[in-house]
2 protein chains.
Amino acid sequence: MERNVARLRTRLAGLGVGMRPHLKTCKSVAVAHRVMASPAGPATVSTLKEAEHFAAAGVRDMIYAVGITPAKLGQVLALRGRGVDLAVLLDTVAQAEAVAAASREAGTSIPALIEIDCDGHRSGVRPDDAQHLLAIGRALQQGAELRGVLTHAGGSYAARGDEALRQCAEQERRGVVEAAAVLRGAGLPCPVVSLGSTPTAHSAADLTGVTEVRAGVFVFFDLVMAGIGVCRIEDIALSVMATVIGHQRDKGWILVDAGWMAMSQDRGTSKQAVNQGYGLVCNLAGEAYPDLLLADANQEHGIVTVRPGSAASLPGLAIGDRVRILPNHACATGAQHRSYHVVRGADMAVQAEWPRFGGW
Amino acid sequence: MERNVARLRTRLAGLGVGMRPHLKTCKSVAVAHRVMASPAGPATVSTLKEAEHFAAAGVRDMIYAVGITPAKLGQVLALRGRGVDLAVLLDTVAQAEAVAAASREAGTSIPALIEIDCDGHRSGVRPDDAQHLLAIGRALQQGAELRGVLTHAGGSYAARGDEALRQCAEQERRGVVEAAAVLRGAGLPCPVVSLGSTPTAHSAADLTGVTEVRAGVFVFFDLVMAGIGVCRIEDIALSVMATVIGHQRDKGWILVDAGWMAMSQDRGTSKQAVNQGYGLVCNLAGEAYPDLLLADANQEHGIVTVRPGSAASLPGLAIGDRVRILPNHACATGAQHRSYHVVRGADMAVQAEWPRFGGW
């Protein structure tokens, strides 16, 4: 984990931009302290629960990077009233009008970023839709603060190969910089130009015009990121420990006490070149067994078997033996657990237990 | 929920067997009290955390229905020492020997059931493998208690139609009763003959020889169960409330603030005749909009759209409007939340908040 954090920090420093890590992956103050530039942030969150939790731990600079609804503005104002510079995100005039009205009513300007849709994968205003961008910006200026523009290249998760990833990163940069130019060209402020995803953060060759990069899963990495090619299997810093509870020898199955409750049901690698099932099975030192997968999962049962078509043989694991399972998606697997058991060094001894939180 | 519980209770009473509800679905003392025959149980659990939690709430009769590992026997003994009749499950001689050895060492007999594999879907001993059954039974008798046999017709989740479901239920019954006969025929005790799954519990026509039925998801039901045909959409007692956060009108998308973190990534209906995406979208009264699905989900974003091929139109939902989303799998969706907001009556007013727990 420390190596993963240092790697992205060094990379972004070389490109001359700061990092605003997304704390939705870890949901842990202990991890956040090791990822953020300072204990006060900056940081990105995906829920107001995260904003509350990290604010209580001293984080003072956050973007809530999911489109705001009017009913949440009271909580945003309360957090801001406690000295937290929490900014919201939006992509409609209706939201901008609600944020401006709430700002006027509270007598304080809520900062908002306009979400830009750089690749059509989800939400946001298209960067060339100048009319919509300006309408939102002007609506915000009726009491709120136009803080800038923000985009997320979610489409990069489907990219394969260095060149495709670099193109995603450049498309992400171009889109958000173009949107900033539209606003500034009309005399509107746009101090923040924010972009990011782990694949593009690790692939961008140039970030001219960008003020900050957001990324989340880079802290742990996972099998989906390894499949995309932005990390190696041995960089994955999160695993689920499981114990052998049985065998169906005629089927080549080892049963373990980790099912989807422990792993999540994320099957993100099923669309990649190498389908890793519900996870890749390793020994206790974290070294992957050849082609050994958590092939199927019920709530608390996992079925471990050799990858279809592989010549590898099933390892001799007995009742009570333990394995580590690498997850497809660290954000999803982490969310199934109440804490992290922190290991360090070749003996993988547990050094600490870091709580994590969930809910909304 | 109350109607669902009453329905299965009445059905099983008519078949002359008791219910041992599986509390892995609810993980809530408040729900458990409404599902169990008495505050002391009986009940089924899928983790020792559940056993601890429900024991602390007064449940005294539980089966931990996931294959036991030797390292967990200390916790089992500690729970039993506090007056909880907690039985374990196993399907190998190695486990039976470990349970017998731990029993001898502790000077108390740990009760164990032998898991029977009635349909090849997961773990258990095949009912016709008399040699293995007797070897396990005899190993247990070296200090432990052979409490009986237990099976789960997990294959019933793939069955379609009343006749196929009845056949699954009869296969489940026949398998576990046959295994009991093998043990008894060799002079071994087998007081408990336990089976169950929600589809078979609602389909069995005859439960001769069975002493108890286990089922879990019947309490809430879900879209998978509706797809199997054991409940109607309007019987589903669990939903996730979400708020509209945006639109991509040219794509026919409504964005909501419920993604896979709120719904889970269970896509159980994707293999059924009607694929419900990540969930079926309803109005606040719980009435489904025609063919409106949570079609895609990121961590905190959901994309709502009309089912492909449907002639239905997108409802006129504005920023801030709220919907309820019915889940594919109640066990998985419930696990993403820290509590239930309990509603009753036509106005769906929140009457109570019931905490739920997670972890191991």
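The values are calculated or read from the model by the stated rules, or taken from the named source; none is laboratory data. Because the structure is a prediction, the values reported are computed rather than measured. Ideal geometry is used to build each Cβ from the backbone, glycine not excepted, and the neighbour counts take in all protein chains shown. We work out accessible area using only protein heavy atoms, side chains counted, and drop any ligands, DNA or RNA first. Shrake-Rupley method; radii C 1.70, N 1.55, O 1.52, S 1.80 Å.
Might you check whether a residue that is under 30 Å from A:Val125 (Cβ atoms) and either buried (at least 24 other Cβ atoms within 10 Å of the Cβ) or within 14 Å of chain A (Cβ to nearest Cβ) (or both) occurs anywhere in the stretch B:268-276?
no
Show me the helices (runs of 4 or more DSSP H) found entirely inside the stretch A:50-149 where at least 2 residues are crowded, with 23+ Cβ neighbours inside 10 Å. Before the answer, list the steps.
Details: elements: A:73-81, A:93-106, A:130-140.
Qualifying helices (runs of 4 or more DSSP H): A:93-106, A:130-140.
Pairs only if they're at least six apart or on different chains, beta carbon under 7 angstrom, first in the stretch B:63-87 and at pLDDT 95 or above, second surrounded by fewer than 21 Cβ atoms within 10 Å (Cβ to Cβ) and in a strand (DSSP E or B); list them, first residue then second.
B:Thr69/A:Thr243; B:Ala71/A:Thr243; B:Asp85/B:Asp61
Checking B:Ala51 against (1) within 14 Å of chain A (Cβ to nearest Cβ); (2) among the small types (Gly, Ala, Ser); (3) on the phi > 0 side of the Ramachandran plot, which test does it fail?
(3)
Name, by its number, the condition in (1) assigned to a helix (DSSP H, G or I); (2) under 19 Å from the mean Cα position of the chain (by Cα); (3) touching a residue at least 12 places away in the same chain (Cβ under 8 Å) that does not hold for A:Gly175.
Unmet for A:Gly175, out of (1) assigned to a helix (DSSP H, G or I); (2) under 19 Å from the mean Cα position of the chain (by Cα); (3) touching a residue at least 12 places away in the same chain (Cβ under 8 Å): (2).
Out of all the residues in the stretch B:35-66, which are out of contact with any helix residue (DSSP H, G or I) (no Cβ under 6 Å at 6 or more places or on another chain) and under 16 Å from B:Met1 (Cβ atoms)?
Listed by number, the list holds a single entry, B:Met36.
Among the candidates B:Gly359, B:Gly286, single out the residue that is surrounded by fewer than 19 Cβ atoms within 10 Å (Cβ to Cβ), in contact (Cβ under 8 Å) with a residue 40 or more places away in the chain, on the phi > 0 side of the Ramachandran plot and within 11 Å of another protein chain (Cβ to nearest Cβ).
Just one listed residue meets the conditions, B:Gly359.
For the stretch A:181-216, enumerate the residues that are touching a residue at least 40 places away in the same chain (Cβ under 8 Å), within 12 Å of A:Leu146 (Cβ to Cβ) and either open to solvent by less than 10 Å² (accessible area, probe 1.4 Å) or part of a loop (DSSP other than H, G, I, E, B) (or both).
A:Leu183, A:Ala186, A:Leu188, A:Pro189, A:Cys190, A:Pro191
Determine if the stretch A:297-309 includes at least one residue that is touching a strand residue (DSSP E or B) at 6+ places or on another chain (Cβ under 7 Å), on the phi > 0 side of the Ramachandran plot, touching a residue at least 12 places away in the same chain (Cβ under 8 Å) and open to solvent by less than 20 Å² (accessible area, probe 1.4 Å).
no
Quick check on my filter: what residues within the stretch A:321-356 are among the hydrophobic types (A, V, I, L, M, F, W, C) and either more than 17 Å from the chain's Cα centre (by Cα) or more than 14 Å from every other protein chain (Cβ to nearest Cβ) (or both)?
Scanning the stretch A:321-356 gives A:Val323, A:Ile325, A:Leu326, A:Val342, A:Val343, A:Ala346, A:Met348, A:Ala349, A:Val350, A:Ala352, A:Trp354.
Go through the stretch A:154-172 and count every residue that is free of Cβ contacts under 8 Å to residues at least 24 places away in the same chain and aromatic (Phe, Trp, Tyr).
The qualifying residues number 0.
What number of residues within the stretch A:33-49 are open to solvent by less than 10 Å² (accessible area, probe 1.4 Å), polar (S, T, N, Q) and in a strand (DSSP E or B)?
So the count comes out to 1.
Give the number of residues within the stretch B:318-354 that are outside any strand (DSSP E or B), open to solvent by 20 Å² or more (accessible area, probe 1.4 Å) and at pLDDT 95 or above.
So the answer is 7.
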